[in-house]
Each structure stands twice: as C-alpha cells, then as structure tokens.
1. With the requirement that a residue be open to solvent by less than 10 Å² (accessible area, probe 1.4 Å), of a type in the set (Val, Ile, Thr) and within 16 Å of the ligand (Cβ to nearest atom), what does segment 195-220 give you?
2. Filter segment 161-192 down to the residues that are hydrophobic (A, V, I, L, M, F, W, C) and within 12 Å of the ligand (Cβ to nearest atom), then identify the one that is farthest from residue 125 (Cα to Cα).
3. Name the one entry in 94, 82 that is open to solvent by 30 Å² or more (accessible area, probe 1.4 Å), within 13 Å of residue 33 (Cβ to Cβ) and more than 16 Å from the ligand (Cβ to nearest atom).
4. Any chance you could count how many residues in segment 144-167 are more than 20 Å from residue 61 (Cα to Cα) and surrounded by fewer than 16 Cβ atoms within 10 Å (Cβ to Cβ)?
Amino acid sequence: MAQYNRIGPYNEFETLTLKNDDYVFVLSGAGVSVESGLATFRDGDGLWEKHRIEDVATPEAWRRDPELVWRFYSARRKQASQVEPNAAHRALAQMEEALQERFLLCTQNVDNLHERAGNKRVLHMHGELFMSRCEDPDCMRAPFSDERYYETKQSIARCECGARILPHICWFGEVPFHMNAIMSALNKATVFVTVGSSGAVYPAASFVSHVKNSKGSGPTTIYVGPEPPDNAYAFDQCRLGKATEAIPRLFSLR
Ligand code: APR
C-alpha cells in the first residue's frame, strides 16, 4: 500500500524490513537528545528562547563578544557532559552495527551522544561541542578535542600561533561541515530518516527533497518526532512520537 505523506502515531506504521542493497541515511536533530535531558532550539524552553542567535552563534557575535560566546558554549559543554545517551541513540548505534557501510548518520547536533552510544559513522554538519579550533583561517592547526570551560576573557585559550581558540561550531551564515560526504551519501540513500528536527534550518531541511528529487519515487522517506516538521510535506511518512519509542521499532534488523 502506498504510504505517501501519511502522518500519524508511530505505532500505526509497520516496522520496515530492509533489503540487502538498502542504504540508510539518518539525519538527526535536537529532538533525539531531548529524552537525555538536552533542550532543543525552537521549543518553548529551547536554547534560542534564552539567547538571541545573533548574540552567541554568528561570526559577528564572536568578533563582538568572544567571552559571551565562550560562556554560552562552556555552559553547553557542562550540560552535555552530565547526560547519557538514550534508547534512540542506542537503537541508531545498533542500526550501524547491523548495516555497517550501508549506513550513515548525519547529525545537526553538536553533542557527542551518538558516539557515546556506539555510532562511528557520524558526520557533525554543525560542528562538535567538545572540539575547538584556532580562529585564524590561515593557521595549519586542525580542530582538536577540548573539554575545557572558558568563562572569562583571560581564560580564553590561545593557539601556538597566538590567535584565540574558538568553539568548533558552524555558526549561522556559515557553510556546514562535511557537505561533500553528505551529498555523496544522500545520492546513495534508498531509505532516508529524519529524527527530531523542526525542518526549519537549511540546508539540512532540504535533504529529504534532494533524495526524492534525485531518485524519483524510489527512496522511502520517514520523519520521526512528536509533531510534523515544517517540511512534513516532503516525507512519505511522519511517524509521530518520541524518538525513544519510535526509533527502536523503525527497522527490523536481521
Ligand atoms: N523525540 C523526537 N523529537 C522531538 C522530541 C522527542 N522526544 N522532543 C522534541 N522533538 C522535536 C520537536 O518537535 C522539534 O521538531 O525536535 C525538534 C527540534 O527542533 P529544533 O529545536 O529546531 O532543532 P533542530 O531542527 O535540530 O535545529 C536545527 O538549528 O539552531 C540551529 O544549529 C542549530 O542544529 C541546530 C539547527
């Protein structure tokens, strides 16, 4: 039965049985970490309700007030280090374990809960909270692991080259990371799943249409989250429910 654009409770949908040649692309958003205790961006108590984007997450914000930017990201480091992966993260790790190179997880999240659950094939398109880099684009130093907190001007670390260290985050107005690898995986996808993303931020919100448009009616596209996202029209199915309930029963893995 055709399931084009069906929207309903997750348990009304069948568990998908994957074929041997299926390639699964999963895009995750802030919603997958909600049940671990991390706030989303756009819900009532979301991060952008408490902070103006332009004050903390733009290149201009960094130039204007690096101390405020580091206080914001230091607080997020603290918060993210106090939570644990949930059942949805663990189910996605099992998916990767079963599918190996026929699976890719692209996340808009900067937390490391997917890795802590066991996923290795993860692309962080908006950066990584526990990494920093040199602010000088000409500096050869690669982004590096960094769990420290920088809360005052004096505590902001400096690179060996003398420039300041900034969080390894893709800010508003910047091109997301890993776009070549993401596009090549999207072009292979036969099953595309978005979990916990409002569909309000591009280019991630356009991935579902790209998969559909480049492959005709072939790929199956599924959204998982408690409410239909802004780009719900582009999905074959919107399985409404919490990530921890809907993701573990999405696929049967042999
Ligand atoms: N399970 C699944 N989804 C959930 C849950 C849950 N338990 N709780 C909430 N959600 C959904 C909400 O319904 C919402 O659609 O998660 C979504 C979160 O949306 P946003 O806050 O907009 O987060 P996201 O789409 O990841 O934001 C994209 O915007 O601000 C930038 O760079 C930031 O990566 C972020 C990007």
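The values are calculated or read from the model by the stated rules, or taken from the named source; none is laboratory data. In this text, all values refer to a predicted model and were calculated from it rather than measured experimentally. Cβ atoms come from the backbone with ideal geometry, glycine included; neighbour counts cover every protein chain shown. Areas reflect the complete protein model, heavy atoms only, side chains present, ligands, DNA and RNA absent. Shrake-Rupley method; radii C 1.70, N 1.55, O 1.52, S 1.80 Å.
1. Answer for segment 195-220, where residues must be open to solvent by less than 10 Å² (accessible area, probe 1.4 Å), of a type in the set (Val, Ile, Thr) and within 16 Å of the ligand (Cβ to nearest atom): 195, 208.
2. It comes out as 172.
3. 82
4. 7
Residues checked against (1) open to solvent by less than 10 Å² (accessible area, probe 1.4 Å); (2) touching a residue at least 40 places away in the same chain (Cβ under 8 Å):
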site	(1), (2)
51	no, no
61	yes, yes
64	no, no
67	no, yes
73	yes, yes
106	yes, yes
